[in-house]
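Structure, as structure tokens:
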Amino acid sequence: MFFHIVLERNMQLHPRYFGRNLRDNLVAKLMKDVEGTCSGRHGFVVAVTGIENVGKGLIRDGTGFVTFPVKYQCVVFRPFKGEILEAVVTMMGFFAEAGPVQIFVSNHLIPDDMEFQSGDMPNYTTSDGSVKIQKDSEVRLKIIGTRVDATEIFCIGTIKDDFLGVINDPVAI
Amino acid sequence: MSGEEEENAAELKIGDEFLKAKCLMNCEVSLILEHKYEQLQQSSDDPMNQVSQVFEKSLQYVKRFSRYKNPDAVRQVREILARYQLAEFELCVLGNLCPETVEEAIAMVPSIKTRGRAQDDEAIEKMLNDLSLIKKFE
């Protein structure tokens, strides 16, 4: 799920950036440092949307660098266990992507009447052939677990519950 | 994982920080990210180089999975859902998934029936009807 939240960060700036463009430099460095990162607590930082506050700079002993506490607004993507969302299938297994997050749906969590068919375009199909899941299919799944490592969040999902599975929305053509 | 063991979106157990935070529907995120991308296009020749992979993937995702494209429709969706005393998170899941029946809505957001100010089926049905009207006239 996407959220719009306020985060805080201590930015260190080299004196070469002081002067008229100090604030612009600070903001540019903030965006470069923070956009695209991921934490277990806040999820992926997708985009910085604004600066709420820049505190007084503190000169660090011995180096001349100055530390500014910066409060900024940003859009984050944070998946939750129990959350239901839509994703695109990327690979059989199957793996799906919802924005920056990868989700794995194991065989056990795919309805029993769907069988794996290998071949050029490997896919999962129901016995009557009416429903097919393959690369680039859009599916609705429920996240049942999340794992966080240093740089990303990885999810496990299921399509075994009611109202989950391939999305057959005629509007989404 | 500290304190995240009981995390469960189906029961709206997403932590205080996120319960109180502003939640965004895919269509709203789409407007924000596209705007940012346009700003980058104006100030540089190669905007694609300036954005992170996370940004790119998120932009592609929200463009693909936005139910409402028109900014006015997006605003209306939020206005309508806001009338039903839903938590931000619940509101956004409904706005993203657009369930068609009351049964589906409850399956998508179980907490609308389990929390203190539980919605009755009639209210949920009315809400879904209002949402589908917006889509028709978008």
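The values are calculated or read from the model by the stated rules, or taken from the named source; none is laboratory data. From a predicted model like this one, the values you see are computed outputs, not experimental measurements. Neighbour counts run over all protein chains shown; Cβ positions are idealised from the backbone, glycine included. When the accessible area is computed, the model is the full protein with side chains, heavy atoms only, and any ligands, DNA or RNA have been set aside. Shrake-Rupley method; radii C 1.70, N 1.55, O 1.52, S 1.80 Å.
A few comments on the model shown:
- Computed with a 1.4 angstrom probe on protein heavy atoms, the A-B interface buries about 3600 square angstrom of accessible area in total.
- Surface share of carbon and sulfur [accessible, 1.4 angstrom probe, percent] for chain B: 47 percent
- When the pairs A:LYS71/B:LYS126; B:LYS13/B:LYS63; A:LYS29/B:LYS20; A:LYS71/A:LYS160; A:LYS160/B:LYS135; B:LYS22/B:LYS69 are compared against a 31 Å limit on Cα-Cα distance, A:LYS71/B:LYS126; A:LYS71/A:LYS160 fall above it.
- Contact residues in the range A:56-91 by the 50 Å² criterion (accessible area, 1.4 Å probe, full protein complex versus chain alone): A:PHE80, A:LYS81, A:ILE84, A:GLU86.
- B:ILE14 accessible area, assembled protein chains, probe 1.4 Å, Å²: 10 Å²
- Distant-in-sequence amide H partners of A:THR126 (H built 1.01 Å from N, under 5 Å): A:GLU115, A:VAL131
- Placing one equal scatterer on every Cα of the protein assembly as shown and applying the Debye formula, the log10 ratio I(q)/I(0) at q = 0.06 Å⁻¹ is -0.23.
- Residue-level accessible surface for A:ASP112, protein heavy atoms, 1.4 Å, Å²: 130 Å²
- Charges were assigned to the Cβ only: +1 to each Lys and Arg, -1 to each Asp and Glu. The resulting dipole of the range B:14-64 about its Cα centre is roughly 200 debye.
- Within the accessible area of chain A (1.4 Å probe), percent carbon and sulfur: 49 percent
- Cβ screening of chain B for cysteine pairs under 4.7 Å finds these without a partner: B:CYS27, B:CYS98.
- Compactness ratio for chain A: Cα radius of gyration over 2.2 N^0.38 Å (N = residue count) comes to 1.41.
- Electrostatic dipole magnitude of chain A [Cβ: Lys, Arg +1; Asp, Glu -1; Cα centre; debye, to 20]: 1320 debye
- Rolling a 1.4 Å probe over the protein heavy atoms gives chain B an accessible area of 53 Å² per residue.
- Computed on the Cα atoms alone, the convex hull of the range B:14-64 gives a volume of 97 cubic angstrom per residue.
- Rounded, prolate or oblate (a/c below 1.5 giving rounded, otherwise prolate when a/b exceeds b/c) for the range B:3-138 by Cα gyration tensor: oblate
- Farthest positive-ward along the range B:14-64 dipole, Cα basis, beta-carbon charges - from B:CYS27, B:LEU40, B:LEU59: B:CYS27
- Heavy-atom accessible area order for A:ARG41, B:ARG64, largest first, 1.4 Å probe: A:ARG41, B:ARG64
- Shielding value for B:23-33 is 4, the average number of Cβ atoms from other chains within 10 Å of each residue's Cβ.
- Ordering B:ILE124, A:PHE95, A:MET1 by Cα displacement along the dipole of the protein assembly as shown toward the positive end leaves A:MET1 in first place; charges were set at the Cβ atoms of Lys, Arg (+1) and Asp, Glu (-1).
- Qualifying trypsin sites (Lys or Arg not before Pro) for the range A:51-123 [loop in DSSP, other Cβ within 10 Å: at most 16]: A:LYS56, A:ARG60
- Coupling constants for the range A:80-85 follow from the phi torsions by the Karplus curve (6.51 cos²θ - 1.76 cosθ + 1.60, θ = phi - 60°), and in residue order they are 10, 4, x, 7, 10, 8 Hz; glycine and proline get x.
- Per-residue extension of 0.36 nm, minus the Cα-Cα distance of A:ARG9 and A:ILE51, leaves a gain of 14.0 nm for this segment.
- Using Cβ point charges alone (K and R +1, D and E -1), the dipole size of the protein assembly as shown about the Cα centre works out to roughly 1440 debye.
- Tilt relative to chain A, helix A:22-34 - C-alpha long axis, 0 to 90 degrees, to 10: 30 degrees
- Considering only B:ALA21, B:ALA82, B:ALA73, the mean-square fluctuation computed in a Gaussian network model of chain B, springs between alpha carbons under 10 angstrom, is largest for B:ALA21.
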